[in-house]
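Chemist: Shown below is the structure under consideration.
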Amino acid sequence: MPKFRKRPPEVEAEQWHPGVKHDAVQTETLHSGTKCFVVYDGNKRRIELADGDWILTAENGAHFVCPDAQFNKLFEPATPFEDAVKHVLDRHSKAFSAMAGTDHAIAGDNPAK
């Protein structure tokens, strides 16, 4: 039976520290008068931020919070090379998809065989 590996997700992420501005971060005052910093995630849950947490932004614009230790286990920086390769593959994939319904032959394709 063939095996498959899940493609790694690519996310936008910023590490947060008190004093750092981020569109998703809101300041709230607790009943005790203490101020805290929160993010409402993609499921509308209120999550308090700790210094060093990562704010992830999904493709749909939803935000999620990931503690630093967990983030470092799950993610690594996407290199400019990987970004460039992904861009080229996406572009070629769209081009081949557009040609699929035409009579254009792809290099090495010999319908006579």
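The values are calculated or read from the model by the stated rules, or taken from the named source; none is laboratory data. Since the model is a prediction, treat every value here as computed from it, not as a measurement. Using ideal geometry, Cβ is built from the backbone for each residue, glycine included, and neighbour counts are taken over all protein chains shown.
Chemist: Step by step: first the residues of region 61-81, then only those that are in contact (Cβ under 8 Å) with a residue 12 or more places away in the chain and closer than 12 Å to Asp41 by Cα, then the one that is surrounded by the fewest Cβ atoms within 10 Å (Cβ to Cβ). Which residue is that? Quick ask: steps written out before the conclusion?
Modeler: Here is the first cut: in region 61-81, the ones in contact (Cβ under 8 Å) with a residue 12 or more places away in the chain are 62-68, 71, 75, 78.
Next, from what is left, pick out any that are closer than 12 Å to Asp41 by Cα: 62-66.
Values: Ala62: 14, His63: 18, Phe64: 18, Val65: 20, Cys66: 19.
Among residues in region 61-81 that are in contact (Cβ under 8 Å) with a residue 12 or more places away in the chain and closer than 12 Å to Asp41 by Cα, the one surrounded by the fewest Cβ atoms within 10 Å (Cβ to Cβ) is Ala62.
Chemist: I've got another one for you. Just checking, does region 2-12 include any residue being among the aromatic types (Phe, Trp, Tyr) and modelled with pLDDT under 90?
Modeler: In the first step, residues of region 2-12 are kept if they are among the aromatic types (Phe, Trp, Tyr); the result is 4.
In the following step, the residues that additionally are modelled with pLDDT under 90 were identified as 4.
There is at least one residue in region 2-12 that is among the aromatic types (Phe, Trp, Tyr) and modelled with pLDDT under 90.
Condition check ((1) modelled with pLDDT of 65 or more; (2) assigned to a helix (DSSP H, G or I)) across all residues:
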{"site": "Lys44", "(1), (2)": "yes, no"}
{"site": "Asn60", "(1), (2)": "yes, no"}
{"site": "Phe71", "(1), (2)": "yes, yes"}
{"site": "Asp83", "(1), (2)": "yes, yes"}
{"site": "His87", "(1), (2)": "yes, yes"}
{"site": "Asp90", "(1), (2)": "yes, yes"}
{"site": "His104", "(1), (2)": "no, no"}
{"site": "Ala112", "(1), (2)": "no, no"}
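Chemist: Report the residue count in region 48-58 for those that are assigned to a strand (DSSP E or B) and crowded, with 17+ Cβ neighbours inside 10 Å.
Modeler: Restricting attention to region 48-58, the residues satisfying the condition of being assigned to a strand (DSSP E or B) are 48, 54-57.
Keeping just the survivors that are crowded, with 17+ Cβ neighbours inside 10 Å gives 54-57.
Residues flagged as assigned to a strand (DSSP E or B) and crowded, with 17+ Cβ neighbours inside 10 Å within region 48-58 amount to 4.
Chemist: For residues that are part of a loop (DSSP other than H, G, I, E, B), among the charged types (D, E, K, R) and without any contact (Cβ under 8 Å) to a residue 40 or more places away in the chain, tally how many sit in region 10-35.
Modeler: So the answer is 2.
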